[in-house]
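Here the structure is laid out as structure tokens; the discussion comes afterwards.
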Amino acid sequence: MRIEELVIEGFKSYPVRTQITGWDPSFNAITGLNGSGKSNILDAICFVLGITNMQQMRAQNQQDLIYKRGQAGVTKASVTIVFDNSDRSTSPVGFEACKQITVTRQVALPNISKYLLNGHKSQQQHILTLFQSVQLNINNPNFVIMQGRITKVLNMRPQEILGMVEEAAGTRMFEERKEKAKRTMGKKEKRVEEITSLLDEEITPKLDTLRSEKRSFLSYQKACSELEKLSRVLRASEWADAQSRVQRKGDAIEQKRRALEAIRTNRETQEREAAAAEKERARVEKVRDREIAKGGKLKALEEEVMTAERELARFAAQVEIKQGTIDDEKRRTQSSKTALDDLNKSLVDKRAQVDQLKKKHATLKETHSTLQERLATAEELLQTLLTGLSSSATSSNTGGYLGQLAEAKNRLTAATTAEEQARMRLAMVQKELDEKERSRKKMDKEAGDGSRGLEKAHKDVEKLARKLENIGWDAQKEQDGNAKAAQLKENVRVLTEQREVLSKRLAALDFTYSDPTPNFDRTKVKGLVATLIDIERVNYSHSTALEICAGAKLYNVVVENERVGGQLLQNGKLKKRVTIIPLNKINAFKISAQKLAAAQELAPGKARLALSLVGYPEEVSAAMTYVFGDTIICADSESAKAATFNKSVGVKSVTLDGDVYDPSGMLSGGSAPSGSGILLKVQELKEVENKLRDAEGMLRKLEQDEEARAAWKTLTRELELKQHELRLLEEQVNESSAHRLDSEVQTLKASLVDLKETIERSKEKQKEAQNECKKLEQDMNEFKKDKGSKLKELKGEISSLKTQLSQKGVAVKAAQKELQTAELELEQTEKDIASSAAEVQSAIDSVGKTTDELKALLKEQAGVQTRYNQAEEKLKAERADLSRFDDELNELEAVIKEKKQAISDADLEIKDIEHQITSLQKERTAAQNLVANLEKQNPGIENEQHVEEKSIPQLREKAKELEDMQKGMKKKINPKVINMIDRKR
């Protein structure tokens, strides 16, 4: 293989395509002038052969290889070398069939390089391998020996020469490949060791785990397959049962329709008979009216009786008003008398208080005067002792100690004289008192009887007053109780009428029965579903939806168990057909919390469980769950659609307008149902009954207090009589001689006490005068001995007396003010007593006047009652003549009432049967939908194997066990384990 042609374009100094041909097979040399590009041709050959060392081509980078570094418009350098490959013995492996081998290398801006081998793009390593296969290693450092390296080659050591020879011979590259292969094998062995360790430590345990999971997964798949098989069998049985239900419900609907037609025919017959009876009644009434109009006497008698009745009612009202006025006046009189007695007692207390205050004021005033006299005496004494002259112009004494001593002796004499006079007066009063007491003893029997009677009357009055207080009733309570009782009776009457009206409106909810067995416990019959429901006012807007949700179940009767239901049906003498819900047998279904949460998430704030909107007793919760537990109440149709037709919910829903959305696809709605509003009417009836129960309870409580009221009235009358007797006894005792004598004795005793007090005060004054005389005599002696200290002591005494006098002055003024206040209160109390006495007398006069008017009214009422009795007797006699018409009318009225009752019962039966038909249609539709859904979801289900009905519970139990096992295994298995094992393999 030798060079035939070299093509250079854009490489270093060759900007245009330059083709060099005519290469000699044995020897070639490049000659030319300096700068003609000889070295660039050698660089081009090295470049195209794939040399990687740019310095051997005298360049720093690939851009230096392009003509003028690409700045002259040439952006690419390309070199192509063509080899003659006609000698197949030296041809590279794989290229024996090629006569020529063309290799091209191109570089372009920016930093783009590529190789072409025989016109096809190739890799650099492929080109290098090609040349190495013909012992041409372009990257051999001795491939090109540049000028200046000849000497270095000549001086090489043997090893270096051997290396250069091996490289020239082409064997060196095999050594390099050998070393490279060894390094690669070492890396591979190390990688094999790592993979082996990874297999032992991680992959093999993982595979063991996956194999265990695969076994569990296969067991799970087997359980799923068996469960699927059982489910198909059970669905086939369910399909057959639904088909049977469709047939049964269809037959029942047809039977109900025939019964409904018969009842309607009977109702029309009853209507015709009732119309004929009403027509006959009108004819009889017309004949009777003609008979009555002929005479006119009956009408006159009826008017006379009605007039008398109105007069009697008027008189009764007036009598009641008068009686009430008399009772009020008596109570007012009693109250005024009580107040008068309290004022009299207060008057006595006030007088005693005034007397006490007068004494206190007199004592303080006397003390004040005494202090004033002592102060004046002390000041005069001081003046006399200082100046020798008395400051008192009116004093008849010489002044000083001698004058005071004379005055003290005069006071002593006056006190002694007053004591002697008081003793003389005391002896006279004592003598008179003894005489009066002797006379009093003679009248002791008369006074004793009067006092004992008066004392007994006082005790009786006090005893009755205590009883009256302990009974817990008074005049105000009596008045309030009468008013409250009247109001409660009126409330009971109004509420009873309201209850009757509402009960008639809810005749369809009337459920009456007879006791099926003796001593039957009626608490076991809870009542109709509609009557057991309580709806809060905030949920009244949901009532229509709740009625649609419940449907005919509102008229179902809830009982404690199936035995009670059987007794009612057999022996309860029920007037209409009813559906009974036994609490111990009913299968109550309630929407799961997950479905309800999903519905509320789909329609936030617009979807609620129907059961949560009603209140009910805890004991009937199973029945309420059966009626309301499987339906959602939605605010609008959008919310209902979202909740009903969503796969995660899929339950029946009802809108507030009454539109029904069923998961089977059935929709119903439009105008409101005929019975709409029945739940609101029931709530209204319950409210009225609760109010009536409360009012009756309060009335019974008031009636329970009737005993206390009667006892209070009795005790009040007795107390009035006893108080009247007490006043009479007091007047009698006050007017008796014994009482007058007793009063005189008491007066003398009081005088005796006063005289004794006067004697004691005279003794105290004598003692004080004696002490003062002694003190004055002592002061005179001390003054003679020490005049200065005595004057100083006298000045201190004057200062102390002034202070005491000032304090006493304040106390006198306070006592005087207190006395004036007490006297004003006493005066006001006396005025109040006079006013109360006048009021009592006015009330007594008013009671007498009203009593006279009441007697006159009672007399007139008796006359009117007589006229009324006479007119009524005449009216009865006249009516007896017309009784035959009344009898006939009564008979016709009974017939009409009977027919209307029959019509009403027929309406109820029609409505009940219509409800039953609607319920049966819904059940049949549900069964049909179930059949359709099962056929749609399970094609060919009608051809499935149908097992015996008795084995279905066992299959269900087995399916439940498999389902439980599947649920338990589902959390533990790995569904991707098969793929994982295959991937691992």
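The values are calculated or read from the model by the stated rules, or taken from the named source; none is laboratory data. All of these numbers come straight from a predicted model, not from anything done at the bench. With ideal geometry, Cβ positions are generated from the backbone for all residues, glycine too; neighbour counts draw on all protein chains shown. Quick note on the areas: whole protein, heavy atoms, side chains included, nothing else; ligands and nucleic acids left out. Shrake-Rupley method; radii C 1.70, N 1.55, O 1.52, S 1.80 Å.
For the range 508-548, which positions are closer than 20 Å to Ser653 by Cα and not hydrophobic (A, V, I, L, M, F, W, C)?
Asn539, Tyr540, Ser541, His542, Ser543, Thr544, Glu547, listed by residue number.
Considering only the range 573-630, state which residues are at pLDDT below 85 and among the aromatic types (Phe, Trp, Tyr).
Phe589
Condition first: free of Cβ contacts under 8 Å to residues at least 60 places away in the same chain and open to solvent by 40 Å² or more (accessible area, probe 1.4 Å). Now tell me which residues in the range 822-852 satisfy that.
Within the range 822-852, Leu824, Glu827, Gln828, Lys831, Ala834, Ser835, Ala838, Gln841, Ser842, Asp845, Lys849, Asp852 qualify.
Would you check if Val16 is without any contact (Cβ under 8 Å) to a residue 24 or more places away in the chain and open to solvent by 70 Å² or more (accessible area, probe 1.4 Å)?
Yes; evaluated as a whole, the condition is true for this residue.
With the checklist (1) out of contact with any Gly (no Cβ under 6 Å at 6 or more places or on another chain); (2) closer than 15 Å to Phe11 by Cβ in hand, flag the one item Val82 doesn't pass.
All conditions pass for Val82, except number (2).
Got at least one residue in the range 492-507 being closer than 25 Å to Val627 by Cα and without any contact (Cβ under 8 Å) to a residue 12 or more places away in the chain?
No: the range 492-507 contains no residue that is closer than 25 Å to Val627 by Cα and without any contact (Cβ under 8 Å) to a residue 12 or more places away in the chain.
Taking only the range 70-82 into account, find how many residues are modelled with pLDDT under 90 and either in contact with a helix residue (DSSP H, G or I) (Cβ under 8 Å, 6 or more places away or on another chain) or part of a strand (DSSP E or B) (or both).
Result for the range 70-82: 2.
Take residues that are surrounded by 12 or more Cβ atoms within 10 Å (Cβ to Cβ) and modelled with pLDDT of 70 or more and tell me which of the helices (runs of 4 or more DSSP H) falling wholly in the range 872-985 contain 3 or more.
Working: elements: 883-937, 952-970, 977-984.
It comes to 883-937, 952-970.
Can you tell me which residue among Ala262, Ala236 is assigned to a helix (DSSP H, G or I) and touching an Asp or Glu at 6+ places or on another chain (Cβ under 6 Å)?
Result of the check over Ala262, Ala236: Ala236.
Since Val93 meets every condition but one in (1) within 24 Å of Asn137 (Cβ to Cβ); (2) in a loop (DSSP other than H, G, I, E, B); (3) open to solvent by less than 80 Å² (accessible area, probe 1.4 Å), which condition does it not meet?
For Val93, the exception is condition (3).
Out of the range 598-615, which residues are within 25 Å of the chain's Cα centre (by Cα) and open to solvent by 50 Å² or more (accessible area, probe 1.4 Å)?
Residues satisfying the conditions are Gln600, Glu601, Pro604, Gly605, Lys606, Arg608, Ser612.
So which residues in the range 426-438 are open to solvent by 50 Å² or more (accessible area, probe 1.4 Å) and over 13 Å from Leu755 (Cα atoms)?
Lys431, Glu432, Asp434, Glu435, Lys436, Glu437, Arg438
When you scan the range 229-236, do you find a residue that is closer than 27 Å to Ile941 by Cβ, free of Cβ contacts under 8 Å to residues at least 24 places away in the same chain and loosely packed, with under 14 Cβ neighbours inside 10 Å, even just one?
Yes, the range 229-236 contains a residue that is closer than 27 Å to Ile941 by Cβ, free of Cβ contacts under 8 Å to residues at least 24 places away in the same chain and loosely packed, with under 14 Cβ neighbours inside 10 Å.
Considering the range 546-582 alone, what residues qualify as being open to solvent by less than 30 Å² (accessible area, probe 1.4 Å), aliphatic (A, V, I, L, M) and without any contact (Cβ under 8 Å) to a residue 60 or more places away in the chain?
Of everything in the range 546-582, those that are open to solvent by less than 30 Å² (accessible area, probe 1.4 Å), aliphatic (A, V, I, L, M) and without any contact (Cβ under 8 Å) to a residue 60 or more places away in the chain turn out to be Val557, Val559, Val564, Leu568, Ile581.
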